[in-house]
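Undergrad: Before I ask anything, here is the structure I am working with.
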Amino acid sequence: MILKQEEQAMLEGGFGEGVKLAMKVQVALGEAFDAPYMVPVTRTHVALSNQEADLWFAEKLANGGATCRVRPTVNPSFNFEQLSCITHIEKEDEETVKRTHDAYNRLGAIMTYNCTPYLEKNVPMFGEICSYSESSCTPYMNSVYGARTNREAAQSALCAAVTGVVPYYGYLLDENRKGEILVHVEADMENDFDYQMLGYFTPKKTGFKLPVFTGLKNPSKESLMNFGAQLNTGGNVAMYHIVGFTPEAPTVEAAFHNGDIKEEVTVTNDDLREMQSMLTDGYGKIDFALYGCPHFTIDQVTIVAEMVKGRKLAVPLFIMTSGLTLDLAKKMGYYNTIREAGGYIVSDTCMDQPCWKFLYGKKGITDSPKCAYYTKRRDMEFVIVPLEQSVEAALKGEITGYRK
Ligand code: F3S
């Protein structure tokens with residue numbers, strides 16, 4: 001790779017050991033992908049995971065004196081104060097949370113603890129070159145905003161934040177942003193949940209190809225958030241186009257860069273229902289409801305609050321969201337409404353954290369396949385249905401119908 005003078009100095013240790021390591025990782029990535037040189041980034045987001053490797057790497061950079069030139073927002077860990085009122089938190093887990101917070105704080109990260117930064121606090125403009133990790137982020141950034149990011153790891157995004165540059169490859173290049181397969185959506189797409197299913201289903205048919213969708217009409221921000229999360233959980237799709245909706249796809253021809261359409265597939269209502277029946281565990285009694293994977297927006301919190309207002313939940317219900325949305329929910333009365341019904345709104349927290357140990361071995365209900373995907377290894381079962389249906393089930397303590 002051809003490096004600028006300052007980048008070379010970073011690589012040789014002129015800016016300290018932490019920056020040296022970050023640039024070494026960036027150069028190795030660039031060489032692996034045949035990048036000719038580095039380009040500056042204007043935004044970064046790190047999928048902080050609060051897990052051992054994440055902590056090791058962040059402390060290594062911070063102890064080496066690194067600080068972020070392009071300060072990243074960060075993913076949720078778990079809100080120790082809130083969760084310790086709900087359950088017992090192991091000393092060891094508390095320590096990891098505190099050390100991770102300290103390491104990222106020393107690096108100069110913006111401690112948002114939120115996995116939908118593209119909706120609040122870290123929103124790009126068209127064409128901005130960025131470095132984002134986290135599954136729902138990369139498709140939203142590339143496809144909905146027309147910003148440019150590769151599907152980064154937490155570590156590579158943190159290195160970009162420290163060095164201020166990324167290797168020029170992948171989705172940063174025009175030629176890699178062209179559609180590769182046309183997806184005709186014939187399903188009705190009536191609600192956000194249908195986008196969850198479409199997101200999970202599509203890669204099963206399209207593999208790693210960049211999909212171009214027709215038949216999708218003005219999806220909501222929640223639909224697009226869920227869509228991206230599932231595209232990158234059911235498969236590895238960091239970019240797509242929706243014809244007539246996303247900025248790089250005003251027409252089918254534009255989405256394919258005026259090239260040939262070599263492959264086409266169709267998605268029907270039956271495909272989405274079949275996907276749901278494959279993902280969900282069997283119906284019946286449930287022990288809890290869990291939402292916010294990705295973090296709920298205030299509009300989603302509103303739906304839950306209006307449904308449970310003046311009623312009592314038969315099982316506890318948990319909503320994960322950002323600190324900003326929690327604050328809004330308090331100001332708008334939703335927090336109290338949900339608490340009075342027996343539910344909780346928890347900020348800064350991820351599904352994939354040890355703070356949910358008290359739910360292991362139990363059966364929950366959710367609207368998110370991603371939530372269920374990450375909890376399989378933790379011995380949690382999930383019924384996966386649309387949001388309104390799942391809240392009704394939480395009010396009753398069971399859901400009837402489909403059995404595996
Ligand atoms: Fe967010 Fe964690 Fe789910 S980062 S999308 S709550 S797995």
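Undergrad: Could you check region 348-386 and list, in sequence order, the residues that are in a helix (DSSP H, G or I), within 20 Å of the chain's Cα centre (by Cα) and surrounded by fewer than 23 Cβ atoms within 10 Å (Cβ to Cβ)?
TA: 354, 373, 374, 375, 376, 377, 378
Undergrad: Consider residue 291 against the criteria (1) open to solvent by 10 Å² or more (accessible area, probe 1.4 Å); (2) not assigned by TED's automatic domain parsing to the domain that holds residue 184: it satisfies all of them except one. Which criterion is unmet?
TA: All conditions are met except number (1).
Undergrad: Please indicate, with yes or no, whether at least one residue in region 105-121 is over 22 Å from residue 40 (Cα atoms), at pLDDT 95 or above and either open to solvent by 70 Å² or more (accessible area, probe 1.4 Å) or away from the ligand (no atom under 16 Å from the Cβ) (or both).
TA: yes
Undergrad: Of all residues in region 185-238, count the ones that are more than 19 Å from the chain's Cα centre (by Cα) and of a type in the set (D, E, K, R).
TA: Qualifying residue count, region 185-238: 7.
Undergrad: If the requirement is being under 29 Å from residue 374 (Cα atoms), touching a helix residue (DSSP H, G or I) at 6+ places or on another chain (Cβ under 7 Å), assigned to a loop (DSSP other than H, G, I, E, B) and in the same structural domain as residue 97 (by TED's automatic domain parsing), which of these qualifies: 55, 48, 29, 61?
TA: From the options 55, 48, 29, 61, the qualifying one is 48.
Undergrad: Those residues that are closer than 29 Å to residue 318 by Cβ, in contact (Cβ under 8 Å) with a residue 60 or more places away in the chain and among the hydrophobic types (A, V, I, L, M, F, W, C), I need them from region 54-79; list them, please.
TA: Listed by number, the residues that qualify are 58, 78.
Undergrad: If residue 299 satisfies all but one of (1) surrounded by 15 or more Cβ atoms within 10 Å (Cβ to Cβ); (2) in a helix (DSSP H, G or I), what's the number of the condition it fails?
TA: Every listed condition holds for residue 299 apart from (1).
Undergrad: Still on this model: Filter region 217-274 down to the residues that are touching a strand residue (DSSP E or B) at 6+ places or on another chain (Cβ under 8 Å), in a helix (DSSP H, G or I) and β-branched (Val, Ile, Thr) and list them by number.
TA: Correct list: 252 only.
Undergrad: Residue 201 fails exactly one of the following numbered conditions: (1) in contact (Cβ under 8 Å) with a residue 40 or more places away in the chain; (2) under 20 Å from residue 255 (Cα atoms); (3) crowded, with 21+ Cβ neighbours inside 10 Å; (4) away from the ligand (no atom under 16 Å from the Cβ). What is the number of that condition?
TA: Only one criterion in (1) in contact (Cβ under 8 Å) with a residue 40 or more places away in the chain; (2) under 20 Å from residue 255 (Cα atoms); (3) crowded, with 21+ Cβ neighbours inside 10 Å; (4) away from the ligand (no atom under 16 Å from the Cβ) is unmet by residue 201, namely (2).
Undergrad: Give region 1-26 a look and list any residue that's touching a Gly at 6+ places or on another chain (Cβ under 6 Å), not small (Gly, Ala, Ser) and not in a helix (DSSP H, G or I), or say none.
TA: Listed by number, the list holds a single entry, 1.
Undergrad: Okay, next question. Among the residues of region 308-347 satisfying the criterion of being surrounded by fewer than 18 Cβ atoms within 10 Å (Cβ to Cβ) and of a type in the set (A, V, I, L, M, F, W, C), which is farthest from the chain's Cα centre (by Cα)?
TA: It comes out as 314.
Undergrad: When residues of region 326-362 are filtered for being of a type in the set (S, T, N, Q) and in contact (Cβ under 8 Å) with a residue 40 or more places away in the chain, how many remain?
TA: Qualifying residue count, region 326-362: 3.
Undergrad: Check 334, 360, 374 and return the single one that is more than 14 Å from the ligand (Cβ to nearest atom), under 24 Å from residue 96 (Cα atoms) and assigned by TED's automatic domain parsing to the domain that holds residue 300.
TA: 360
Undergrad: Additional query: Filter region 129-185 down to the residues that are in contact with a helix residue (DSSP H, G or I) (Cβ under 7 Å, 6 or more places away or on another chain), open to solvent by 30 Å² or more (accessible area, probe 1.4 Å) and not aromatic (Phe, Trp, Tyr) and list them by number.
TA: Scanning region 129-185 gives 129, 144, 148, 151, 155, 176.
Undergrad: I would also like to ask the following. Identify, from the list 292, 259, the residue that is out of contact with any helix residue (DSSP H, G or I) (no Cβ under 6 Å at 6 or more places or on another chain) and within 16 Å of the ligand (Cβ to nearest atom).
TA: 292
Undergrad: OK, next. With respect to residue 314, determine if the residue is touching a Pro at 6+ places or on another chain (Cβ under 8 Å), in the same structural domain as residue 385 (by TED's automatic domain parsing) and of a type outside the set (D, E, K, R).
TA: no
Undergrad: Kindly indicate whether residue 365 is away from the ligand (no atom under 14 Å from the Cβ), closer than 26 Å to residue 187 by Cα, assigned by TED's automatic domain parsing to the domain that holds residue 211 and touching a residue at least 60 places away in the same chain (Cβ under 8 Å).
TA: Considered against the rule, which asks whether it is away from the ligand (no atom under 14 Å from the Cβ), closer than 26 Å to residue 187 by Cα, assigned by TED's automatic domain parsing to the domain that holds residue 211 and touching a residue at least 60 places away in the same chain (Cβ under 8 Å), residue 365 comes out as no.
The values are calculated or read from the model by the stated rules, or taken from the named source; none is laboratory data. Keep in mind that this is a model prediction, so the values were computed, not measured. Please note: Cβ atoms are built from the backbone with ideal geometry, for glycine as well, and neighbour counts cover all protein chains shown. When the accessible area is computed, the model is the full protein with side chains, heavy atoms only, and any ligands, DNA or RNA have been set aside. Shrake-Rupley method; radii C 1.70, N 1.55, O 1.52, S 1.80 Å.
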